[in-house]
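Student: Shown below is the structure under consideration.
The values are calculated or read from the model by the stated rules, or taken from the named source; none is laboratory data. Since the model is a prediction, treat every value here as computed from it, not as a measurement. Using ideal geometry, Cβ is built from the backbone for each residue, glycine included, and neighbour counts are taken over all protein chains shown. For accessibility, only protein heavy atoms count, side chains too; no ligands or nucleic acids. Shrake-Rupley method; radii C 1.70, N 1.55, O 1.52, S 1.80 Å.
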Amino acid sequence: MPLLEPVGSLARVFHDVLLATALGEAVGLPVAMTGAADAPGILVDGLYAYGSVTEMTLLLAESIAENCGFNPKGYAEALAKLADVENPLRLYHPATAAAITGIRRGEPWWKARMQPLQDGPRLDAAARAAPVALFYRSQRVAASMAEAQALVTHSSSHDVEAARLYVIALHQTLYRLDPGQLPLVLEDEAQDPLLREIAARLQDLAEEPPGRAARLLAPLPGGEPHPLAAALYAYMRSHRDPLRAARAAAAMARGSADTAAAMAAALAAAYSGLQGVDQAVLGRLEARDWAREAAEKLYRATVMCHREEPRV
């Protein structure tokens with residue numbers, strides 16, 4: 001089933017979604033580090049730094065391209081070899097970093113992922129899953145592969161389910177589902193009670209101001225919104241502006257601003273592209289060249305492995 005309203009070339013869609021992930025994380029990373037919604041971007045040699053979500057996303061894209069589909073062993077090896085878990089600017093979650101370090105020491109990934117360092121939802125495995133939605137044309141298969149890639153470093157059923165729902169959201173968005181209809185789809189798909197409740201609440205909150213929406217989307221009274229909820233709300237409010245969506249998600253879920261903003265920006269880019277984002281901002285992303293190269297590899301692999309032009 002083709003896009004009803006194509007967003008430029010399909011190769012461009014791949015590029016925009018992966019680069020938007022880096023854009024969103026660059027917005028959210030300083031917020032997650034400082035807790036300040038207006039924290040300035042973190043500069044590395046004059047470029048806006050990327051974090052663990054972007055790194056794991058692009059490694060996943062390259063691994064899928066290399067293996068003509070998702071391969072857990074291949075992705076685990078890529079993480080063990082290339083993930084910069086010791087770099088504080090990447091802001092790896094301690095449990096994710098411990099899992100990757102365990103793989104690096106020679107533990108099988110299905111053992112290394114069993115980490116006790118959990119502290120609420122750990123949605124880096126969800127936020128890194130965009131390449132799965134781009135590569136697989138079947139939503140059912142994409143959802144299954146989203147779970148599989150999450151399980152390489154995560155053992156929490158909630159985190160795995162969040163990855164599945166995020167990929168379903170991206171898949172539906174790539175096929176031009178109206179943003180306002182997305183909560184209905186996710187409520188129907190959700191198996192986790194909390195995530196189902198979040199999807200149900202989102203249906204009535206798109207027009208609510210951010211402060212009220214944040215309170216109603218918090219799993220616990222007085223807490224922050226769930227990162228996926230913040231991402232979906234921000235996307236629904238700003239689906240034609242990935243940068244604005246990223247900023248809104250980061251401001252709502254400050255403790256998980258990097259993951260929430262990355263998902264919000266990717267969803268908005270899947271719907272409308274990056275044409276409306278200041279090119280000077282995109283040009284200052286540290287991950288710009290890597291995202292372009294990974295997108296090209298993933299697009300070429302999608303054409304070759306499916307033996308035809310991808311129909312996203």
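Student: Can you tell which of 253, 294 is farther than 17 Å from residue 20 by Cα and either open to solvent by less than 10 Å² (accessible area, probe 1.4 Å) or of a type outside the set (A, V, I, L, M, F, W, C) (or both)?
Tutor: 253
Student: Also, I was wondering about something else. In the stretch 137-157, what residues are out of contact with any Pro (no Cβ under 9 Å at 6 or more places or on another chain), within 18 Å of residue 97 (Cα to Cα) and either among the acidic types (Asp, Glu) or part of a helix (DSSP H, G or I) (or both)? Walk me through how you get there before you give the answer.
Tutor: Going through the stretch 137-157, the residues out of contact with any Pro (no Cβ under 9 Å at 6 or more places or on another chain) turn out to be 138-147, 150, 153-155, 157.
Of the ones still in play, those that are also within 18 Å of residue 97 (Cα to Cα) are 150, 153-155.
The one that is out of contact with any Pro (no Cβ under 9 Å at 6 or more places or on another chain), within 18 Å of residue 97 (Cα to Cα) and either among the acidic types (Asp, Glu) or part of a helix (DSSP H, G or I) (or both): 150.
Student: Find all pairs meeting these conditions: Cβ atoms under 7 angstrom apart; at least six residues apart or on different chains; first residue within the stretch 32-45 and farther than 17 Å from residue 259 by Cβ and without any contact (Cβ under 8 Å) to a residue 60 or more places away in the chain; second residue of a type in the set (Val, Ile, Thr) and surrounded by 11 or more Cβ atoms within 10 Å (Cβ to Cβ).
Tutor: Qualifying pairs under 7 Å: none.
Student: Determine whether the stretch 94-108 contains at least one residue that is part of a helix (DSSP H, G or I), touching a helix residue (DSSP H, G or I) at 6+ places or on another chain (Cβ under 9 Å) and touching a residue at least 60 places away in the same chain (Cβ under 8 Å).
Tutor: Filtering the stretch 94-108 down to residues part of a helix (DSSP H, G or I) leaves 94-104.
Adding the requirement that they be touching a helix residue (DSSP H, G or I) at 6+ places or on another chain (Cβ under 9 Å) leaves 96-104.
Applying the additional criterion that residues be touching a residue at least 60 places away in the same chain (Cβ under 8 Å) yields none.
Within the stretch 94-108, not a single residue is part of a helix (DSSP H, G or I), touching a helix residue (DSSP H, G or I) at 6+ places or on another chain (Cβ under 9 Å) and touching a residue at least 60 places away in the same chain (Cβ under 8 Å).
Student: Okay, moving on. Taking the stretch 67-87 only, how many residues are assigned to a helix (DSSP H, G or I), free of Cβ contacts under 8 Å to residues at least 40 places away in the same chain and closer than 14 Å to residue 125 by Cα?
Tutor: Here is the first cut: in the stretch 67-87, the residues assigned to a helix (DSSP H, G or I) are 67, 72-82.
Subsequent filtering for residues that are free of Cβ contacts under 8 Å to residues at least 40 places away in the same chain retains 67, 73-74, 77-78, 80-82.
So of that shortlist, the ones also closer than 14 Å to residue 125 by Cα come out as none.
Matching residues across the stretch 67-87 total 0.
Student: If you don't mind, another one. Taking the residues in the stretch 217-228 that are open to solvent by 20 Å² or more (accessible area, probe 1.4 Å) and under 12 Å from residue 121 (Cβ atoms) as candidates, determine which candidate is modelled with the lowest pLDDT. Talk me through it step by step, then tell me what you get.
Tutor: First pass over the stretch 217-228, keeping only residues open to solvent by 20 Å² or more (accessible area, probe 1.4 Å): 219-224.
In the following step, the residues that additionally are under 12 Å from residue 121 (Cβ atoms) were identified as 219-220, 223-224.
On the way: 219: 84, 220: 80, 223: 87, 224: 91.
My answer is 220.
Conditions (1) of a type in the set (A, V, I, L, M, F, W, C); (2) modelled with pLDDT under 95; (3) crowded, with 24+ Cβ neighbours inside 10 Å, marked per residue:
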{"residue": "117", "(1), (2), (3)": "yes, yes, no"}
{"residue": "122", "(1), (2), (3)": "no, yes, yes"}
{"residue": "135", "(1), (2), (3)": "yes, no, yes"}
{"residue": "149", "(1), (2), (3)": "no, no, yes"}
{"residue": "153", "(1), (2), (3)": "no, no, yes"}
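Student: Would you point out the residue of the stretch 193-216, among those that are over 26 Å from residue 40 (Cβ atoms) and in contact with a Leu (Cβ under 7 Å, 6 or more places away or on another chain), that is most open to solvent (accessible area, probe 1.4 Å)?
Tutor: Going through the stretch 193-216, the residues over 26 Å from residue 40 (Cβ atoms) turn out to be 193-208, 212, 215-216.
Then drop every residue that is not in contact with a Leu (Cβ under 7 Å, 6 or more places away or on another chain), which leaves 195, 198-199, 201-203, 205, 216.
Working: 195: 7, 198: 10, 199: 6, 201: 84, 202: 2, 203: 68, 205: 11, 216: 63 Å².
Ranking the candidates gives 201 first.
Student: Still on this structure: Let me confirm something: among 113, 164, which residue is free of Cβ contacts under 8 Å to residues at least 60 places away in the same chain, buried (at least 23 other Cβ atoms within 10 Å of the Cβ) and over 19 Å from the mean Cα position of the chain (by Cα)?
Tutor: Details: 164 fails: over 19 Å from the mean Cα position of the chain (by Cα).
The unique qualifying residue is 113.
Condition check ((1) surrounded by 24 or more Cβ atoms within 10 Å (Cβ to Cβ); (2) over 18 Å from the mean Cα position of the chain (by Cα); (3) more than 27 Å from residue 178 (Cβ to Cβ)) across all residues:
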residue: 31; (1), (2), (3): yes, no, yes
residue: 38; (1), (2), (3): no, yes, yes
residue: 41; (1), (2), (3): no, yes, yes
residue: 51; (1), (2), (3): yes, no, yes
residue: 57; (1), (2), (3): yes, no, no
residue: 61; (1), (2), (3): yes, no, yes
residue: 66; (1), (2), (3): no, yes, yes
residue: 73; (1), (2), (3): no, yes, yes
residue: 105; (1), (2), (3): no, yes, yes
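Student: Restricted to the stretch 297-312, and to residues that are open to solvent by less than 60 Å² (accessible area, probe 1.4 Å) and in contact with a Ser or Thr (Cβ under 9 Å, 6 or more places away or on another chain), which residue is modelled with the lowest pLDDT? Can you show your working first?
Tutor: Quick first cut of the stretch 297-312, residues open to solvent by less than 60 Å² (accessible area, probe 1.4 Å) only: 298-299, 301-303, 305-306, 310, 312.
Now restrict to residues that are in contact with a Ser or Thr (Cβ under 9 Å, 6 or more places away or on another chain): 310, 312.
Working: 310: 55, 312: 51.
Checked the stretch 297-312; the qualifying residue modelled with the lowest pLDDT is 312.
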